[in-house]
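Values quoted throughout were computed directly from the atomic coordinates according to the rules given, and no laboratory measurement underlies them. As the structure is a prediction and not an experimental result, all values here were calculated from the model. FYI the Cβ positions are ideal-geometry reconstructions off the backbone, even for glycines, and counts take in every protein chain you see.
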Amino acid sequence: MNSSPQHDRICHDLVSQGWTVIDGYFEPELIKLLADECHRQQQLGLLQAARIGRLEQNRAAESIRGDQIRWLESGMAPCIDQFLAQIEALRSLFNRRLYLGLEECENHFAYYPAGAFYRKHLDRFQNSDSRVISSVLYLNPDWVSEHGGELRLHLEEGRYEDIEPVANRLVLFISAQILHEVLPTTVERMSLTGWFRRHGIESSV
Ligand code: OGA
Ligand code: MN
């Protein structure tokens, strides 16, 4: 894949400020199919209350986050395969341009029912540094600011950036660097969230 002005901007923003927002990165038709698939899976009860931490420390934590998730697997649906292929292309871009040595991507649907939020956090487990870049792709076609539900990126010196979760908006940020939260949403809110990973050194504690 040749790099485009869009790719130049993504790489430049990640290096210079640690985050970036791109609107319209994917085909609008793909976003619609992904939104329908997320809805379908949610209605079939295939999404599960999200947890925090991992392994035995894993526990449902509604006071911290109220979303429901399902990890994507290839072959789940054609639109998911198409999405995963484009994410793979981004992974190879990051490796070529930023020398990050990213070995894999993991992605899940996230469904926030009305009233849900996710408190301020970093996207890294205490005992692992394998998550390098976080990505969030929003799937909400009729979003208006009155719905709340912004992604708030906490930047230096108390500054913050609020990002509305409108359909086909992709946010990328350095997992270890950017503290962030999801403000309470007043309506259902859907996204595809993922991490570009290298195999970090994981301790057993
Ligand atoms: C997460 C997360 C942000 C969002 O799932 O870790 O921070 O805007 N999501 O959905
Ligand atoms: Mn997060």
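Expressed as a rounded percentage, what relative contact order does the chain have, with Cα pairs under 8 Å and six or more residues apart? Write out the running numbers ahead of the final one.
On the way: 403 pairs, mean separation 56.3, N = 205.
Rounded, it is 27 percent for the chain.
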Quick check: convex hull over the Cα atoms of the stretch 5-197, volume per residue in Å³, rounded to an integer?
125
About its Cα centre, how strong a charge dipole does the chain have in debye, to the nearest 20, once Lys and Arg get +1 and Asp and Glu get -1 at the Cβ?
480
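Length gain on complete extension for the stretch Gln177 to Arg119, per 0.36 nm per residue less the alpha carbon to alpha carbon distance?
Values: separation 58, 0.36 × 58 = 20.88 nm, distance 1.62 nm.
Residue separation times 0.36 nm, minus the Cα-Cα distance, leaves 19.3 nm.
Express in nm, to one decimal, how much length is gained between Trp71 and Glu146 on full extension, taking 0.36 nm for each residue of separation and deducting their alpha carbon distance.
Numbers: separation 75, 0.36 × 75 = 27.00 nm, distance 2.93 nm.
The span from Trp71 to Glu146 would gain 24.1 nm if fully extended.
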Give me the one-decimal nm value for the distance between modelled label points at Asp81 and Leu98, 7 Å along each residue's Cα-to-Cβ direction.
2.9
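What helices does the chain hold that run 27 Å or longer along their axis, going by alpha-carbon atoms, with a Kyte-Doolittle average of -0.5 or more, using DSSP H for the helix calls? All intermediate terms of the calculation are to be shown ahead of the outcome.
Numbers: long enough: 78-98 (30 Å, 0.12).
Span-like helices in the chain: 78-98.
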Share of Cα-Cα pairs in the stretch 95-205 lying beyond 21 Å, as whole percent:
40
